[in-house]
Amino acid sequence: MTWPRRVLVAVVAALTVAVAVLAVEVRLARRGSMLDAVPLVLDGRIGAATGDLLDVVWVGDSTAAGVGASAATTAVPVLVAAELGRPVELTVVARSGATVADVVAFQLPALDRLDPDIVFVSVGANDVTSLTSRDDFERGYRRLAAGLPSGARVVLLGVPDMGAVPRLAQPLRALAGWRGEQLDDIVRRVAHDTGSTYVDIAGQTGPAFRADPERFFAADDYHPSDEGYRRWAAAVLDEVGSTMLAS
């Protein structure tokens, strides 16, 4: 066997082993302990007692649905709504497990009956773990952005730091972190191109999640905990600001 052929065989073998290891790690991650699947009821009137009413809608995945929070009051849509300085009529159509394609197919139609002032979007983590290609994610995300109500202000939460998730073993965790960064870049570009507000969830919360995972992750070592969602809400509020939303 020639030297180039030996190198090729070695590379192919290494890649085969790597794929096998990642496949095993994905199966193990999916078999890990799960949180209570009963969805939280997040819809309703929240926030200040006086002022003009804001109609606020959240679409996306489990992070927008509050999975990991111990109660509705510690889910990120409720935490954000409570600090906007105005009464908020909150509607959450997000669902656990949703990818960007799911949001386009199943959640956007629900907005046809709504007239929101603000729409928050939090999706992308499941596209990382589902291995959605960058091209498919970008096409889907742009369809999502284009399908939002034209009169609403739009706030796009970036893809969280998937490299911080304790439930994912190495090297899967590192790979997920890298893929998350790629998809997050797409969210940032879409926000720029559409004039939407972008919230750097990974940059604003990732370091804390990595430094103290027991505090910031829920019992499943995957979703944010109450403290984790407080960090998310702070990042959102730092970016959007009550002044911007009150105008």
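The values are calculated or read from the model by the stated rules, or taken from the named source; none is laboratory data. Being a predicted model, the structure only gives us computed values, none of them experimental. Cβ sites come from the backbone with ideal geometry, for glycine too, and all protein chains shown count toward neighbours.
For the stretch 185-247, which fully contained helices (runs of 4 or more DSSP H) count at least 2 residues that are touching a residue at least 24 places away in the same chain (Cβ under 8 Å) and among the hydrophobic types (A, V, I, L, M, F, W, C)? Before the answer, list the steps.
Working: elements: 201-211, 213-216, 226-240, 242-246.
Fully inside the stretch 185-247 and qualifying: 201-211, 226-240, 242-246.
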Next item on the list: State whether one or more residues within the stretch 107-119 are assigned to a helix (DSSP H, G or I), buried (at least 22 other Cβ atoms within 10 Å of the Cβ) and in contact with a strand residue (DSSP E or B) (Cβ under 7 Å, 6 or more places away or on another chain).
Entry: yes
Next item on the list: With respect to residue 180, determine if the residue is in contact (Cβ under 8 Å) with a residue 40 or more places away in the chain, of a type in the set (Gly, Ala, Ser) and surrounded by 23 or more Cβ atoms within 10 Å (Cβ to Cβ).
Entry: yes
Next item on the list: Would you be able to tell me the number of residues in the stretch 115-142 that are small (Gly, Ala, Ser) and under 14 Å from the mean Cα position of the chain (by Cα)?
Entry: 4
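Restricting attention to the stretch 120-139, report how many residues are surrounded by fewer than 22 Cβ atoms within 10 Å (Cβ to Cβ) and either assigned to a helix (DSSP H, G or I) or at pLDDT below 95 (or both).
Within the stretch 120-139, residues that are surrounded by fewer than 22 Cβ atoms within 10 Å (Cβ to Cβ) and either assigned to a helix (DSSP H, G or I) or at pLDDT below 95 (or both) number 9.
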Notebook entry, point to check: of a type in the set (Gly, Ala, Ser), buried (at least 16 other Cβ atoms within 10 Å of the Cβ), modelled with pLDDT of 95 or more and more than 30 Å from residue 146 (Cα to Cα) - does that describe any residue in the stretch 189-201?
Noted result: no
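Restricting attention to the stretch 75-94, report how many residues are outside any strand (DSSP E or B), touching a residue at least 40 places away in the same chain (Cβ under 8 Å) and within 22 Å of residue 159 (Cβ to Cβ).
So in the stretch 75-94, the residues outside any strand (DSSP E or B) come out as 75-86, 93-94.
Of the ones still in play, those that are also touching a residue at least 40 places away in the same chain (Cβ under 8 Å) are 75-77, 79-80, 83-86.
Within this subset, residues satisfying the condition of being within 22 Å of residue 159 (Cβ to Cβ) are 75-77, 79-80.
Result for the stretch 75-94: 5.
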